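The values are calculated or read from the model by the stated rules, or taken from the named source; none is laboratory data. All values reported here derive from a predicted model rather than from experimental measurement. Glycine gets a Cβ as well: all are built from the backbone with ideal geometry, and neighbour counts include every protein chain shown. Just the protein is used for accessible areas: all its heavy atoms, side chains included, with ligands, DNA and RNA removed. Shrake-Rupley method; radii C 1.70, N 1.55, O 1.52, S 1.80 Å.
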Amino acid sequence: MNKAELKKIAEGLIDTFIKAGDETIKLYNDGLKIEIKEDGSPVSNGDLKVNDIISKKISSLTPNIPIISEETVNLNEKNKSKIFWLIDPIDGTKEYIAGKDEYTLNAALILNKKPVASLVGVPNKNRLFYTFGMNESYLIENDVTIKLSCSKKNKNKTNFFDPIVITILSLYLYVLHYHYSHLLTYFLMLENQM
C-alpha cells in the first residue's frame, strides 16, 4: 500500500470514529449494560457498539483485510496474516464504565508486523489523532485539523518516535499480552515530550 492509499483509508475512518465516540457518550448517559468476560475483565455495550461501528466501516473500506479485535479475537488461534486491522474499540473500559474521560477508541492497520496507519479517538476530550505514515500525523480537535510535528522541542529530552506510532505499537503489544492499562496517559505523556 502506498501513502495515498493509506491516507484515503485513514481519512475515510474519521467520521466513523467521531460517530463511534458520540455513541459511547450517548450509551453512557443512557446507562451502560456491563458483562464480565471469561478473563474477568468487564465489557460494556459501548465496547461492543464501537467495535461494530468501526469494524463495519473498516470492512467496507478494506474488504479483503482481516480484523483482529479485542472483543472478538480468539486467543487460541495464532494470527498468520501479513496484513490485518488491530482494534481495541475502547481502551480503558473500566474508566469508561466509571464515567471518566480517560478512554480511547483505537484501530491500527498492521502490515508485515508494522503499523502503517491508525486512528485514536478521545471522545470526551473532542480529540482524534490519526496517522498514515512517517511525518503524517494529525490531530483533529474541535473541528480543527493540525499536523503534528514529530521533532523534539527540547533536545535534552529523550527522542520519542512519532506519538501515533507509539500508540499503535502499544495496541500491537496489547494483543501480544503486554497490556498498557492507560493508553491515553502514555499518549499524553509522549505528546508533552515532543
Item checked: Enumeration of residues in the range 98-119 that are of a type in the set (Lys, Arg) and within 13 Å of THR131 (Cβ to Cβ) -> LYS114
Margin query: Need a quick list: strands (runs of 3 or more DSSP E) entirely within the range 14-127 having at least 2 residues that are of a type in the set (D, E, K, R).
Written below: 83-91
Next item on the list: Out of the residues in the range 128-152 that are over 25 Å from GLU5 (Cβ atoms) and in a strand (DSSP E or B), state the one that is modelled with the lowest pLDDT.
Entry: GLU141
Next item on the list: Confirm whether LYS125 is over 24 Å from LEU6 (Cβ atoms) and modelled with pLDDT under 85.
Entry: no
Check: Looking at (1) in contact with a Phe, Trp or Tyr (Cβ under 8 Å, 6 or more places away or on another chain); (2) open to solvent by 70 Å² or more (accessible area, probe 1.4 Å), can you tell me which one SER137 breaks?
Finding: (2)
Margin query: Tell me the residue from SER81, SER55, SER69 that is hydroxyl-bearing (Ser, Thr, Tyr) and over 16 Å from the mean Cα position of the chain (by Cα), please.
Written below: SER81
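Return the residues of the range 69-78 that are touching a residue at least 40 places away in the same chain (Cβ under 8 Å) and more than 18 Å from PHE17 (Cβ to Cβ); say none if nothing qualifies.
Within the range 69-78, just VAL73 meets the criteria.
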Checklist line | Flag for GLU71 being in contact with a strand residue (DSSP E or B) (Cβ under 8 Å, 6 or more places away or on another chain) and either under 18 Å from LEU6 (Cα atoms) or of a type in the set (D, E, K, R) (or both) | finding: yes
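Give the range 61-73 a look and list any residue that's under 11 Å from LEU13 (Cβ atoms) and crowded, with 17+ Cβ neighbours inside 10 Å, or say none. Write out each step before concluding.
Going through the range 61-73, the residues under 11 Å from LEU13 (Cβ atoms) turn out to be 61-62.
The one that is under 11 Å from LEU13 (Cβ atoms) and crowded, with 17+ Cβ neighbours inside 10 Å: THR62.
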Next item on the list: Would you mind stating whether LEU105 is touching a residue at least 12 places away in the same chain (Cβ under 8 Å) and in contact with a Pro (Cβ under 9 Å, 6 or more places away or on another chain)?
Entry: yes
Next item on the list: Kindly indicate whether PHE84 is open to solvent by less than 50 Å² (accessible area, probe 1.4 Å) and either farther than 27 Å from VAL144 by Cα or touching an Asp or Glu at 6+ places or on another chain (Cβ under 6 Å) (or both).
Entry: yes
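Matching residues to (1) more than 11 Å from ILE97 (Cα to Cα); (2) touching an Asp or Glu at 6+ places or on another chain (Cβ under 6 Å); (3) open to solvent by less than 80 Å² (accessible area, probe 1.4 Å):
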site: MET1; (1), (2), (3): yes, no, no
site: ILE9; (1), (2), (3): yes, no, yes
site: GLY12; (1), (2), (3): yes, no, yes
site: ILE18; (1), (2), (3): yes, no, yes
site: LYS26; (1), (2), (3): yes, no, no
site: LEU32; (1), (2), (3): no, no, yes
site: ILE36; (1), (2), (3): yes, no, no
site: ASP39; (1), (2), (3): yes, no, no
site: GLY46; (1), (2), (3): no, no, yes
Item checked: Selection status of LEU61, within 12 Å of the chain's Cα centre (by Cα) and closer than 22 Å to LYS7 by Cα -> no
Next item on the list: Sort through ILE58, ILE97 and tell me the only one that's farther than 18 Å from ARG127 by Cβ and open to solvent by 40 Å² or more (accessible area, probe 1.4 Å).
Entry: ILE97
